[in-house]
Each structure stands twice: as structure tokens, then as C-alpha cells.
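Participant: Quick one: this structure, given as C-alpha cells, is what I'll be asking you about.
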Ligand code: NDP
């Protein structure tokens, strides 16, 4: 705590992993040697830089850019870029730390990192977004490379922003280095299914959890918080498996449907018009109710899929969901449940899929994008989705088997932390003290 003052989210993420490691060290004491755990908690490199840019009125703004290159034991640093006014070093460190174990769980050769800026893209024109992305990449670019560090999108960063950043990188280096960024557009090196991957993957993970109790999505009511990339494609996949998504949200409020979310309308409003959930609710008329403020977790559902942001679901929300009979919770977002909420779900025997396992489909598909770039190839939607489904089922089974091996069957938090840690720790031990 003294070493990293004011980084509450980072402390929270580290504590959660360390809580799981007691059982590992008891069984394998060598993991406590060579300051291995201390080294995992210290980023290999942290980069903080100035991002100056000019708005449409000619006014100059200064934002702060970050890239935390946390751990490269398993491969080049890999993790998204977040643009949101709340971003500070502790945010990027928590996300980068989570990313190490998530990436390890995918079984693919990728290390952990994360980046971002306190830039607020809301209400900014296309030209302003472009100038910001170009300035951001002008500084970040020198730290990237397909064998070094490969960013992707996250909150506030989608294909448009990746395009502006890739264009600037290409211009700076005079190289068409496709593997330097993932989440690219299809005609300039992107992978099919990358846009859908996190939401689809999280749905597969929850499906597999439900199967362990002989259940499935068919006819189940579901709430999905957020209305961004992860949320929209979670809603799409849940619907295709027969689930009924009745609520979604943004940071202003949530909407509850009489029957189910109208996905085509939601996509049109979020992806084309870049509108708000209030606009969606207005267009739905008497079919839906909009609740400004308030909590989406008050809506009774069988399955809850928090897919907006960190700490959006607290102990009280968890108690409400449990009282209303929730069967399963799958975290599409990173660390959306507070420690109190996680405890309530685990103790209440709710099927609980932690983000670092349940939302790993996005980064796994990014690794598939890197494979396609390296081989100058482009796979079909069906082939890529089949790979994603297999990876998610493997992650589920790895977490479930590890939890069982360590004496707490059904505890996916323990399973994910231990399985992810073990892979990274083995590689670090092989490299000696570096
Ligand atoms: P988007 O920017 O596409 O969407 C984010 C959504 O969450 C928006 O609806 C936004 O609403 C809402 N939101 C953001 N901040 C808050 C807040 N403070 N309170 C309430 N709602 C908020 O981001 P993504 O969908 O890409 O990311 C969502 C989550 O999933 C994040 O935790 C991210 O780290 C995680 N994730 C994303 C992956 C990906 O592939 N994109 C991969 C793995 C994890 P509003 O418009 O009002 O801000």
C-alpha cells in the first residue's frame, strides 16, 4: 500500500489474486521463493506521457497517456487501451495486472499489459477523435511492436480509434505491421469475430457453467449492464441460445423490457447514431420502461452479466440478485463485482464466472487475429467462432478442474487465479531472476 499510494483498484485486484495463492504456496512452496510473487506484482515498465491535441475551435488540450507493460513471461504485452475521464495510473495497473492471468488462461502466447488516457471521447467530433488518436500514438508508438507490445480496444476505444492509431503507426514507421494492434477492420488486417468475441465468449462461459447443473439459457431471463461492445454482443449471443435479455444500461440509467431487448434497434442507436439508452427507450414506447439512475441489479433475473465497468455491482446489489433467485453471474467487464459481492455469490453457491476467465474471449480472438496477420491469412467467421467456443470451454474446464484440485469445487475465482498464476510463475522461474 505504501509503495503504490492512491491506487485502490490496483490494491483490490492484487488482494483478490493473493487471497487465492495461499493454497498454491501450501502445496508448492517453491512458488514463494525468489520473490516470485513480489515480482509478479511489480510492472516490468510503466510509461506516462503528455498527449497534446487541438479541438475543432482551435483550443489546445492536454491529456495524460499511460501504458503499463506488466508482464512478458508468456509473450509480448497484450491488453486494451481505455479512453475515459476516470483513467489514472491505478486504473491501468489494475487492468494490466488482471490481464496477465487472463491471457495466461487462454493458453496463448501473450503477456499482460494495458493502456489508456483520461481523454473523454463523449461529444467529440470525428476529427477531434482522429487528432487525439494520432497524438496519442505519436508518443506510444515507439514502445510498441508485434514482438513487444500489441494494444487493442477497451472502453471508449473501438474500431474507429484503432484505425486512426494504426494509420498513424504505419505513417511513423513506414511499415505495414499488421500485428502491432488488434481489433482492426476486416479489410485492413482484422479478424472476423473480434468485434463479437468478448460478449460471445462470456456467453459460452456462462452456458458451460449452467451445464454443470444440467441447465441452459433457454427461456431464462437475463440482464446485461452497459450498452457498449461487450454488452451488445452478449445480448446477441444469449438471444441466439434462447435466453431473454430484458434489461441493459449506460451510465445514465437502465431500460427494462416487457418481453426482450430489440437488438437491431439497440445496434442502430449505439453503433450508428452513437446515442444513449434513453433514446433507445424512447423509441420503444410502451414496450419498455426507462429508469434514470437506479440500479439494473434491482431487476429480477435468472442470469446477470455485468458488462460495463469496474465495481458496478456491490454487496447490496449481490444480495438483491440472490434474493431474487439469480442462478449465474458472468462478468463481461473487468472487475465489475466488488469483493463483498464476490463473497456473497461464492458463499451463496451462485455460479460465478470472474472476468479474468469469463471475458477472456476478446483477447483470445485478438491472439487469433495476430496468428492470421503472421500467416497473411484470413479465416471464415465459422472457423474463427469455433476456435473461440473451444477456447472458452477450455478456460471454463481449466478453472473448474483447478478449483476441484485445490479443494473448493465450483469456486471459479480460485480456479482462475490459481491456473493463471501457475502458468506465468512456471515461465518466470525458467527465466531466473529478471
Ligand atoms: P464500451 O466503451 O464499448 O462500452 C462501455 C459501456 O459501459 C457503455 O455503455 C458505458 O456507458 C458503460 N460505462 C462505462 N463506464 C461506466 C460507468 N462508470 N458507469 C456506468 N456505466 C459505464 O466498452 P466495452 O464494452 O469494450 O468494455 C466494457 C467492459 O468490458 C470494460 O470493463 C472492459 O474493460 C471490459 N472488457 C472489454 C473487452 C473488449 O473486447 N472490448 C475485453 C475484455 C473486457 P456510457 O456510454 O454512459 O459511458
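The values are calculated or read from the model by the stated rules, or taken from the named source; none is laboratory data. Note that the coordinates shown come from a computational prediction; the quantities given were computed from them, not determined experimentally. Backbone-built Cβ (ideal geometry, glycine too); neighbour counts: all protein chains shown.
Each row is one residue, and each column tells you yes or no for (1) surrounded by 17 or more Cβ atoms within 10 Å (Cβ to Cβ); (2) under 14 Å from residue 230 (Cβ atoms); (3) not assigned by TED's automatic domain parsing to the domain that holds residue 105.
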| residue | (1), (2), (3) |
| --- | --- |
| 303 | yes, no, yes |
| 306 | yes, yes, yes |
| 319 | no, no, yes |
| 326 | yes, no, yes |
| 330 | yes, yes, yes |
| 334 | yes, yes, yes |
| 337 | yes, no, yes |
| 343 | no, no, yes |
| 349 | no, no, yes |
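Participant: State which residue pairs qualify: first residue over 20 Å from residue 361 (Cα atoms) and inside the range 63-84, second residue away from the ligand (no atom under 16 Å from the Cβ) and in a strand (DSSP E or B) in any location, beta carbons under 6 Å apart, and separation of 6 or more residues or different chains.
Facilitator: Close Cβ pairs (under 6 Å, with a partner that is away from the ligand (no atom under 16 Å from the Cβ) and in a strand (DSSP E or B)) amount to 63/51; 65/49; 65/51; 66/48; 67/47; 68/46; 69/45; 69/149.
Participant: Let me ask another. Please go through the range 266-285 and give me each residue that is on the phi > 0 side of the Ramachandran plot and more than 12 Å from the ligand (Cβ to nearest atom), ordered by number.
Facilitator: 285
Participant: Just checking: which of the helices (runs of 4 or more DSSP H) contained wholly in the range 308-420 hold 1 or more residues that are under 19 Å from residue 298 (Cα atoms) and away from the ligand (no atom under 16 Å from the Cβ)?
Facilitator: The helices (runs of 4 or more DSSP H) meeting that bar are 315-323, 339-347.
Participant: Something else about it: Against the condition more than 26 Å from residue 251 (Cβ to Cβ) and loosely packed, with under 15 Cβ neighbours inside 10 Å, how does residue 85 come out, does it pass? Even if it seems obvious, please write down each step before you answer.
Facilitator: Numbers: more than 26 Å from residue 251 (Cβ to Cβ): no; loosely packed, with under 15 Cβ neighbours inside 10 Å: yes.
The answer is no for residue 85.
Participant: From 408, 397, which residue is surrounded by fewer than 22 Cβ atoms within 10 Å (Cβ to Cβ) and within 14 Å of residue 22 (Cα to Cα)?
Facilitator: After ruling out the rest, the residue left standing is 408.
Participant: Yes or no: residue 77 under 18 Å from residue 433 (Cβ atoms) and either within 24 Å of the chain's Cα centre (by Cα) or surrounded by 13 or more Cβ atoms within 10 Å (Cβ to Cβ) (or both)?
Facilitator: Considered against the rule, which asks whether it is under 18 Å from residue 433 (Cβ atoms) and either within 24 Å of the chain's Cα centre (by Cα) or surrounded by 13 or more Cβ atoms within 10 Å (Cβ to Cβ) (or both), residue 77 comes out as no.
Participant: Can you name the condition, by its number, that residue 43 falls short on among (1) without any contact (Cβ under 8 Å) to a residue 24 or more places away in the chain; (2) within 30 Å of residue 340 (Cβ to Cβ)?
Facilitator: Only one criterion in (1) without any contact (Cβ under 8 Å) to a residue 24 or more places away in the chain; (2) within 30 Å of residue 340 (Cβ to Cβ) is unmet by residue 43, namely (1).
Participant: Does the range 286-298 include one or more residues that are surrounded by 17 or more Cβ atoms within 10 Å (Cβ to Cβ), more than 26 Å from residue 208 (Cβ to Cβ) and away from the ligand (no atom under 15 Å from the Cβ)?
Facilitator: yes
Participant: Same structure, new question: So which of 42, 38, 16 ends up being more than 24 Å from residue 165 (Cβ to Cβ) and in a loop (DSSP other than H, G, I, E, B)?
Facilitator: 42
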